[in-house]
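Take a look at the structure set out below.
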Amino acid sequence: MRPICTAKLLLADLSFQLMNSSCLRLLASILAVWLAVSPCLEARVQPTYGFDIFSQDEEIQLGKQNAAEVMQQLPVLPDFDPVVQYVQRLGAKLTQHAPGYHWPYNFHVVNVKEINAFALPGGPIFVNLGTIQAADNEAQLAGVMAHEISHVVQRHGTRGASKQMAAQLPLAILGGILGNSTLAKAAELGISFGVGSYFLKNSRQSESEADLLGTDIMYDTGYEPRQMAVFFEKLEKQMGAGANSLINQFISDHPNPGNRADAVSKEVQTLTKRTYLADSDEFRDAKARVAGMKPLTSAEVAATQKQGGAPGAGAPSGADVKPSASLKVFSHGEYDISYPENWQVFGDQSSNVTIAPKSGVSQNAVAYGVMIANYQPEESGESLDVATHELLGSLRQSNPDMKQIGHDETIRVNGVSGKSVDLIGSSPIKDAQGKPIEERDWVVTMPRADGTVLYLVFISPDRDFAGMRPAFEAMLRTLKVK
Ligand SMILES: [Zn+2]
């Protein structure tokens, strides 16, 4: 159970009322002593509310629309990437302690080298991979995230946009759109929260509000709040020391409100001393992973956008998974196969091939798609049946929790007899508790003239397999073994 913590403002009001009544004076002093020793009733900074013409629902919708655009424009890593899953778990811990309205927070990692993070109205939060690479400890990463969560809590984006709209619109029209067509009017006025948007830049006032709320969120989650300020200051120092182009954007979007570290320290002093969390194993694991990753620079992302191509390594999580109905031919030395034209071929003539949606593949793990490879049976002249069972044995060696479901069947593909086997295993996609969800693997083996076996493993989370199967079958129908 979480402790009940009252607001600083509420607390002041309460004691004022009590002190006004002389007969309650004694009670008030008892209460004051009790408050001083009770960590549960410590005051927290409360969100402020300002002029905002967007309703909460509109704000959420606005954030969703802009998040979809961001995912088109930036190389956002897929949700099943272990680093993304770690950031999402850390985000979920922090938002449990976010005050105010419960926005539908969601966290994403952008495969970009620059140190940056930004929050869209209503909950979407994007953290660049470079930020994780640069964080010296988990509290620093948590600090950046708590700061971004606080911008969402405070509705800084839509409050800024509201001010702008109020300045642009005659009062009569502004009054008329309240609760009516705010989103349409905002679009008409060119108000957008997408990549590089003016409304992602925060004022110094917004910054100090986000620092204070962020301090409490970090403290309540168990992270040392001063690490947030330490991280910001580290970046500023680096910038002063040589205008590092990797941190410009972050500093310009989150300007120092002045004495950031002092303000955080003062807020911490109002809270009971506590021990803070050490770096988790998950954080260390994520650090090791990101150390080996090569995120794009913003310039590289901009270049791919100009060429009209999807950005590298990430693409919208899930958006390209749905296979397109129109097919494209892939010609390999050993076979021809057609595949959905919005999917991609990974690998080449000399290697095993994976055909998959870009966001279905991460760190060599395939969540959606098909792997195609050649299997050399242990002895020459083996039947396809025996060779298939050998192959399944070797697949299980690298994926020990794979289990066959049902019997293997004989199928005909373009007049050639092959074998078909369904397996259940673990997907690289994890559920909310961090456990892998079930994966369905449909293995098809086909004989080749040289005595080897061509095999295809069609992969999908079990929950989506029925939806993916028609596309897999359409691909299989085009297979011509050479
Ligand atoms: Zn900020």
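The values are calculated or read from the model by the stated rules, or taken from the named source; none is laboratory data. Everything numeric here is computed off the predicted structure, so don't read it as measured data. Because the Cβ atoms are built from the backbone with ideal geometry, glycine has one as well, and the counts that use them run over all protein chains shown. SASA here: full protein model, heavy atoms, side chains in, ligands and nucleic acids out. Shrake-Rupley method; radii C 1.70, N 1.55, O 1.52, S 1.80 Å.
Using the C-alpha atoms of the range 332-482, what convex hull volume per residue, in cubic angstrom, is computed?
Dividing the Cα hull volume of the range 332-482 by its residues yields 117 Å³.
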Inset, instruction - Heads up, I need the accessible area for Met468: 1.4 angstrom probe, whole protein in place, Å², nearest 10. - result: 10 Å²
Legend entry - For the range 33-146, accessible area per residue (1.4 Å probe, heavy atoms of protein chains only), Å²: 34 Å²
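Give the carbon-plus-sulfur fraction of the accessible surface of the range 351-482 in %, rounded to a whole number; probe 1.4 Å, heavy atoms of protein chains only.
Heavy-atom surface of the range 351-482 belonging to carbon and sulfur, 1.4 Å probe: 48 percent.
Give the shape of the range 321-395 as rounded, prolate or oblate, defined through the alpha-carbon gyration tensor: a ≥ b ≥ c are the square roots of its eigenvalues, a/c under 1.5 means rounded, and otherwise the shape is prolate if a/b is larger than b/c and oblate if not. Write out the running numbers ahead of the final one.
Values: a/c = 2.36, a/b = 1.81, b/c = 1.31.
It is prolate, given that a/c is not under 1.5 and a/b is the larger ratio.
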Inset, instruction - List the lysines whose Cα lies under 23 Å from the Cα of Lys266, skipping any in the same chain that are fewer than 8 positions away. - result: Lys8, Lys234, Lys237
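Ranked from highest to lowest mean number of other Cβ atoms within 10 Å per residue, what is the order of the peptides 284-296, 100-112, 389-401?
Highest mean packing first, the order is 100-112, 284-296, 389-401.
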Inset, instruction - Among the lysines, select those whose C-alpha is under 21 Å from the C-alpha of Lys482, and discard any that sit fewer than 8 residues away in the same chain. - result: Lys328, Lys419
Inset, instruction - List, in the order given, every pair from Lys113/Lys430; Lys294/Lys322; Lys163/Lys185 whose Cα-Cα distance in the structure shown is over 23 Å. - result: Lys113/Lys430; Lys294/Lys322
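Between rounded, prolate and oblate, where does the range 60-132 land on the alpha carbon gyration tensor, with a ≥ b ≥ c its root eigenvalues, rounded for a/c under 1.5, else prolate if a/b exceeds b/c?
Numbers: a/c = 1.83, a/b = 1.21, b/c = 1.51.
It is oblate, given that a/c is not under 1.5 and a/b is not larger than b/c.
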Inset, instruction - Calculate, for the range 395-482, the solvent-accessible area per residue in square angstrom, rolling a 1.4 angstrom probe over the heavy atoms of the protein chains. - result: 50 Å²
